[in-house]
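Only the coordinates and a few stated rules stand behind these numbers; no lab work does. Small disclaimer: the values here were computed from a predicted structure and weren't measured. Heads up, the Cβs are rebuilt from the backbone with ideal geometry, glycines too, and the neighbour counts pull from every protein chain shown.
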Amino acid sequence: MKTQFTKNTILLTGGSGSWGQELTHQLLTNYNPSEIRIYSRGEHKQVEMKRKFQNKKIKYYIGDVRDKNRLMLVSKNVDFIIHLAALKHVPVCEENPWEAVKTNIIGTQNVIETALENKVKKVIDVSTDKAVDPYNLYGVTKACGEKLMIAANLISNRTKFVCVRGGNVVGTNGSVVPLFIEQITKLNTLTLTYPKMTRFFLKLQDAIKLVLRATIESVGGEVLVMKMPAAKIIDLADVVTRRLGNKKSKTKLIGIRPGEKVHEILVSKYEIPRTYDFGEYFVILPQISLSETKRFYQGKKLLKTSFDEFNSTNTKMLSKKQIEKLLEDEGWFDDVNDRTSIKNLDQLEKDTLENIYKSEGWID
């Protein structure tokens, strides 16, 4: 497995985010790439990442996946592309729909075209559970991104395109865990949109392992789906409040925000008949005809399930004790005030912080 990346050059779009940094860490620790290229818009994040890694194998490029010319230049002599760049905040995409389309759809097509022209070996598109039976614009754009990626396998036999679909990863930028911690430590009030809401959860390290595994084991045209446990959001809120709150801590129900689902789906009822079970993950074969892919999976074990779909209510549900251990293992209860997402708000007055949460729909 380790020979897959040896002396190869890997490009990470959106590479300065949480996923990109963990990918970089695992690539440097467990493999021997010749170069890792970080391509992202965030100057500040890139500066922070340089300070964190200080490794000559990492090259940094400011750029946007919307800028095809820049992407074409940065993709030269690249062996693998892992496509992470996206506008992913559901309410932001709802309020800025064309911007979401330009980044998540047009940007993805730019990645495909530059990979084909530069003869990249394989492209891995990191997708989301929100792409399944999409209800919000973010999900719609990511569903389109999956379709573009899979269909790109029809264009060339040289470059392979694969998707990896996952749910929420604990503690990544913009996720519910740092939000809850910020709320309880700064306002002593935690907001819930809907008490019965459930979400898939997985450690970032485990999610990245599957992304790398997909890069190595896939043949092209598949959607690999992470087998993820789920948690009730109200249980997560209770754990955070108990660990970081006090007797005066409050929980407020504010209603479902624009574009939010009550539960998430990782494999739809339409995909189940062409889904294979590979133990730690599922593989969904494409609707379009890809002879090499079909031949590779012939005789493999199809998924057998009594459920119509794989969603966040019929997977393994984490108990409060398991949620607490997961957060402890990820260090979310250690040095709370030193967390980047919280540290950025340290200097804000309570009223200012409340206004920020109101603008984001977290406080009514």
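Kindly put V162, V74 in sequence by how many other C-beta atoms sit within 10 Å of each C-beta, fewest to most.
Details: V162 24, V74 21.
In increasing order of surrounding Cβ atoms, one gets V74, V162.
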Could you work out which residue, out of I155, I124, I105, moves most in a Gaussian network model of the chain, that is, has the largest mean-square fluctuation with Cα springs under 10 Å?
I155
Can you tell me how the stretch 37-102 classifies by the Cα gyration tensor, rounded, prolate or oblate, using a/c under 1.5 as the rounded cut?
oblate
C-alpha center-to-center spacing [the stretch 37-64, the stretch 157-214] in angstrom
22
Once the dipole of the stretch 200-346 is set up with Lys and Arg at +1 and Asp and Glu at -1 on Cβ about the Cα centre, which of W332, V225, M317 lies farthest towards its positive end?
M317
Just want the ordering: L11, L84, from fewest to most Cβ atoms lying within 10 Å of their own Cβ.
L84, L11
Please list the non-local residues whose amide H lies under 5 Å from the amide H of L190, H modeled 1.01 Å from N, same-chain partners needing a gap of 5 or more.
K250, T251, K252
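Does the stretch 140-202 classify as rounded, prolate or oblate by the C-alpha gyration tensor (a ≥ b ≥ c root eigenvalues; a/c under 1.5 gives rounded; else a/b over b/c gives prolate, otherwise oblate)? Please list the in-between numbers first.
Numbers: a/c = 4.09, a/b = 3.10, b/c = 1.32.
Judged from the Cα gyration tensor, the stretch 140-202 comes out prolate (a/c at least 1.5, a/b above b/c).
What number, rounded to the nearest 500 deg cm²/dmol, is the helix-based mean residue ellipticity at 222 nm of the chain, given -39500 (n - 2.57) per DSSP H run of at least four residues and division by all its residues?
Values: 14 runs with 136 residues, N = 364.
Computed mean residue ellipticity for the chain: -11000 deg cm²/dmol.
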I'd like the trypsin sites (Lys or Arg not before Pro) in the stretch 48-143 restricted to DSSP loop residues with at most 12 other Cβ atoms within 10 Å, sorted by number.
K56
Listed residues Y61, Y138, Y270, most fluctuating in the chain (Gaussian network, C-alpha, under 10 Å)
Y270
Anisotropy class of the stretch 29-157 from Cα gyration tensor, a/c 1.5 cut
oblate
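Can you sort V140, V92 from fewest to most other Cβ atoms within 10 Å of each residue's own Cβ? Could you put the intermediate results ahead of the total?
On the way: V140 20, V92 16.
Final ranking by Cβ density, sparse to dense: V92, V140.
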Karplus 3J(HN,Hα) series, Hz, for the stretch 266-274 with 6.51 cos²θ - 1.76 cosθ + 1.60 (x for Gly, Pro):
9, 9, 7, 5, 7, 8, 3, x, 10
For the stretch 116-220, take the convex hull of the Cα atoms, compute a quarter of its surface area, and give me that in nm², please.
8.6
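What relative contact order, as a whole-number percentage, does the chain give when Cα pairs under 8 Å and 6 or more residues apart are counted?
Working: 676 pairs, mean separation 52.3, N = 364.
Averaging sequence separation for qualifying contacts and normalising by length gives 14 percent for the chain.
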